[in-house]
Structure formats: structure tokens, C-alpha cells
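Report on one structure; see the data block that follows.
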Amino acid sequence: MIEAILAKHDTATAHRRFNAVLATASINDAIEYHRLFDELQHARQKADPAFVPLNIACVFSPPAEGDADVRQIQEDLPQEKEDNQVDPEGKKAALKAILARYNARYGTNHTTAEFDLYYQDVQKRIKDHQWPDADLRKAFPAAPHHKIDITIVVDMLLTGFDSKYLNTLYVDKNLKHHGLIQAFSRTNRVLNGTKPYGNILDFRQQQASVDAAIALFSGEKSGEEARKIWLVDKAPVVIQKLDAAVQKLADFMQSQGLACTPDAVHSLKGDDARAAFIHNFKEVQRLKTQLDQYTDLTEDNATAIEHILPAEQLQAFRGAYLETAQRLKAQQAQHDKGSEGQGGAADAVDQLDFEFVLFASSVIDYDYIMGLMSRFSQQGLQGGGKQKMTKDELLGLILSDAKFMNERDDIAAYIHTLKAGEGLSEAAIREGYTKFKKEKDSAELTDIATRHHLAPAALQTFVDGILQRMIFDGEVLSDLMAPLELGWKARAQAETALMKELVPLLQKRAEQHGGREISGLSAYE
């Protein structure tokens, strides 16, 4: 069973974007699962250094031993209460060992005497999946790990606990009626298009119990009607829907006199057509995201999906989508701030929900891209560059991922400066990109300063001050323009001309610094 979980976990959880609970039948089973996960993952890592182990936690209540708080907890934990009657010292020793492993992994200091603090910490780390790994590393640089991938439980967390980032339940215990519905419902808290449903991987073959529970809680609805409400479509049905969505996209592109190719998207005329492309392709991506989380796809299923929309074409379409969406989103923002004269096209754009989260991979982050750049640089060298990747393939990854929307042009420009065989380390790549970006940003400001007869250093200080405070101060702008010694009318015109160029630059850099809005800048938009 553990081998099956290790094989399916990344697919079920969208490459660890989400996490899972493993429900076991007894405390002894939970203890054994925890031991086996350690043993098997250690062996796998030894055999394959590239294997990244799952972070496994285990939580069950200790023997009460007169502790009123634990007794109260166990009132809702019948199996754990019963299990702790047998060999309580053995259970306590096992929990202490589990806590010791947990403390070593997470840099904590939990004890059985303060069990509730440990339980709260486990819940928090399950919910920490809402944060990207890079953000957690910045916030807690000293901590080696932050998140939990799988939490082994007996009774705990199966009722009452909610996390939108928990999407999978592995079941190795018999469940029925209310308890089954409660446990299964831990996985289906609404998030967004990246979590279209919860995954239940049942290792006890409890289909009859599932059907009985669904019937019990569906009232007068018939069995088939109830199953449609509670259970998602089988993979072949979703594949048919994907095929229909791709065909609908093709029909739309043909109606515009264009081939259904990523390159043709750039030839769409007018915002209504671009908005229609966004609407059609987003449905394609939504269905593909759903299929990506099916753990039971057969080879025939995978072949059918690839035939409908080859992976390379999908990636290129994603890039075209993000470029088009970024353009329309900017127009949407302008329209929201009161711009006029956009007519019906603006209405079509205003109604768009871009759902960029569908286009952001949990695997491909900033660190991953820097690592790929380094491997590209080392290609052809002895012992380096096992993964062959062309510059175009590397660019395609960046252009197709929403996380890089505000920095894609800079990263792409830097990639164009790299050469296979240079042998740059990841640290050198990072340092090189930081330097490249600083020089590019400086050159951009210097060009603006020259056009407006300003000292480059003064304009740099002006921009740096705005981005540090995220506040635009009109008086500081007046001070910047003072050396030009212009009359009030000419100065006003000069300020307007300068800000016409600075506003998009400031907005872009603000997005790259966390996406906050610059207060006071709207007067010049």
C-alpha cells in the first residue's frame, strides 16, 4: 500500500500543491505506517538521490493517564480511546518516538505532556500548503521543512478539520454512513480551478459502503442521480469533454479565419475575439488540470489525451493565453478606473475571469527555473547537463507559467544571453540574473532620463523612493523637475510626459515587488 501511495501521491496532489491524510484502523496501524514510510523512503532515496521524500506526520492521542484535556479530546475519538486501553506504555513510547522525529524535522520541541500544542502545529503545517515553498523559505530561513505532505491518523482530523489545500484521503479503515461522508468531505473544500474535486484512494474496497452512504444522505434522489452529485466523472468521460472543448476552440479559431495553432492567436483581431479565445482555452486548461489529478489513467487514456492536445502544443497555447490575458487584464484595470470609449469590447473584457492559478505549475518555480538554466549552461560538459534542453524549450516553460507573467520578458532576455557549455553554476546563474536585471532596469531609466533632460541618478533615486514606500508623492516629482527651471505650464506638460512613461514602469516593478499598489499613482494613469 505504501508503494502505491508513493507512486500516486504526486499525481493526486498536483505535484504536492496539495496534501493528504492517511486514515488507519488503529493506533498500532498508524505507528507501523509511520515506521514503514521512514524505511521505504530512506531506501528509495539511497537508490535514487534525486528522489524527494514526502514529509510524513502521524497524530493520535496519548493514553489519558488522568489528563482531563486528553480525556475530553478522546470523547470524540472512540477508536483511539479504546486502543489506548491496551499497552498504554507502548503507545506512549511510540508517540514519543514519533514526536522526536517530528521535532528533528521541523525544529520544534513538542512533548506528550503538551499534546494539544503538537496537534495544533500539525494542523497549521497542513494549512501551510497555501504558501509557495519559496515564500516559506524566506519567512523561516532557519527551518529545514515547513509543510506536511501526508498526515497519518486514526480518528483525528476526520471530522471538523477543514483545509482547502487538503485534497486527498488514503483510506485503510472501514467507514460507513455519517463517518464515511464526514471523512470523505475533508478533501472537497472549495478552492479554485486547480482543485476540481477531492481524491479518495480506498484500499479497503468499500464501494458498497460508499453507495449506501450516498443513498442515505441524498434523500429522495435516485442512485444514479445521487452518484452524479457526489462523484466526479470517470476519466474517459472527462477525456470526451476535453476533446469537445478543443474542438470548440478549433471551431472558434476557424470562424476567425485562422488555424487552431498557438501562433495564430497573435493574429486575432479585436478584443471581443481575444476575450472569446480566453474563454474557450480556459475551459480546455480546466479539463486538462482535472485529468492531471486522476491517479487511475491507463496508457490508452494518456495516449488519447496526447492525441487530442499534444503536450508541446498545450504549453505553447498556455503561453499565448498568458500573453493575451495580460494585455486584456491591463485594459480591464484601465476600464475599472474609469477610462471611457471602449464600447462593447470593454464589456467583453470586463466579464473575463482569467483564473491565472490554472496556469501556474506547482513544480516550476523560480528555483526550478534557475536550476534548469544552470543545467542548460553545463550541457556538453563532462559529467554535467544530463537533461538536454534547448533554449526554446526553456523559454517555453517560462512563457507558459503564470508565476512569471510580470518577469517573463526579463528572464527570457537573460536566457538569450546564456550559452550551452559555459558551465555556470546555479549560484552564478542567480548572481548573473540579478546583475543583468539591475543593469537592464538602470539602462531603461537612463533612456527615460535622457529623453526628459533629467539626471539619471536623480530619476533612479526618485523611482527607488517610490518603490520603497509604495507611495507616489507629487511634491517629490516637483523637486525632481526643479533643475529644468520651467514655467508652471511647461513644467506641468513635462511632468505629464514623464509620468506617461514612468507609470507602466512603476506598475511593472511594483508587481515584481509583491504586487502591491502604489498609493497616489492613479492620478497619472
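What follows draws every value from the coordinates through simple rules; no lab data is involved. No experiment lies behind these values; they were computed from the predicted model shown. Every residue, glycine as well, gets a Cβ built from its backbone with ideal geometry; the counts of neighbours run over all protein chains shown.
Relative to the dominant Cα principal axis of the chain, helix 456-469 is inclined by about 30°. Take every pair of alpha-carbon atoms less than 8 Å apart whose residues are at least six positions apart; their mean separation over the length of region 452-525 yields a relative contact order of 42 percent. The stretch between Arg137 and Asp409, if pulled fully straight at 0.36 nm per residue, gains 95.4 nm over its current Cα-Cα span. Scanning residues 5 or more positions from Ala20 or on other chains, those with amide H under 5 Å from its amide H are Ile150, Thr151, with H placed 1.01 Å from N in the peptide plane.
Within the straight-line cut-off of under 16 Å between alpha carbons, the aspartates and glutamates reachable from Lys46 are Glu3, Asp38, sequence neighbours fewer than 8 places apart in one chain being disregarded. Derived scalar couplings between HN and Hα for region 62-73 equal x, x, 5, 6, x, 6, 5, 5, 5, 4, 5, 4 Hz in order, rounded to whole Hz, by the Karplus curve 6.51 cos²θ - 1.76 cosθ + 1.60 (θ = phi - 60°), x for Gly and Pro. Only DSSP H runs of four or more residues enter the estimate; each adds -39500 (n - 2.57), and after division by the residues of the chain the mean residue ellipticity at 222 nm equals -18500 deg cm²/dmol. Oblate is the label for region 2-230, because a/c, from the alpha-carbon gyration tensor with a ≥ b ≥ c as root eigenvalues, is 1.5 or above and a/b does not exceed b/c.
Along region 429-443 the Karplus relation, 6.51 cos²θ - 1.76 cosθ + 1.60 evaluated at θ = phi - 60°, assigns HN-Hα couplings of 4, 4, 4, x, 5, 4, 5, 4, 5, 5, 5, 5, 5, 5, 5 Hz to successive residues, with x for each Gly and Pro. Near Ile200, the amide H atoms lying under 5 Å from its own belong to Leu169; only residues 5 or more places off or on other chains count, and H is placed 1.01 Å from N. When the Cα gyration tensor is reduced to axis lengths a ≥ b ≥ c, the ratio a/c is 1.5 or higher for region 405-493, and with a/b above b/c it is classed as prolate. Computed over the chain, relative contact order equals 12 percent, with contacts defined as Cα pairs under 8 Å that lie 6+ residues apart. Across region 235-354, the relative contact order, built from alpha-carbon pairs under 8 Å that are at least six residues apart, equals 37 percent.
Neighbours of Leu77, meaning other residues whose beta-carbon lies under 12 angstrom from its beta-carbon, give a summed charge of -4 when Lys and Arg score +1 and Asp and Glu score -1. Longest stretch of the chain clear of exposed loop sites (trypsin sites (Lys or Arg not before Pro), DSSP loop, at most 16 other Cβ atoms within 10 Å, sites excluded): 1-163.
Of all lysines in the structure, those lying under 18 Å Cα to Cα from Lys391, and not within fewer than 8 positions of it along the same chain, are Lys419. Straight-line cross-link partners of Lys288 among the lysines, defined as a Cα under 17 Å from its Cα and at least 8 positions apart when in the same chain: Lys195, Lys234, Lys241, Lys248.
Neighbours of Ile471, meaning other residues whose beta-carbon lies under 11 angstrom from its beta-carbon, give a summed charge of 0 when Lys and Arg score +1 and Asp and Glu score -1. Annotation: amide H-H contacts under 5 Å for Thr261 (H modelled 1.01 Å from N, sequence separation of 5 or more, or interchain): none. Inter-label distance, Gln313 to Asp251: 1.7 nm, where each label sits 7 Å from its Cα along the C-beta direction. Is region 64-186 rounded, prolate or oblate when judged by the Cα gyration tensor, a ≥ b ≥ c being the square roots of its eigenvalues, rounded requiring a/c under 1.5 and prolate requiring a/b larger than b/c? Oblate shape, in that a/c is at least 1.5 and b/c is the bigger or equal ratio.
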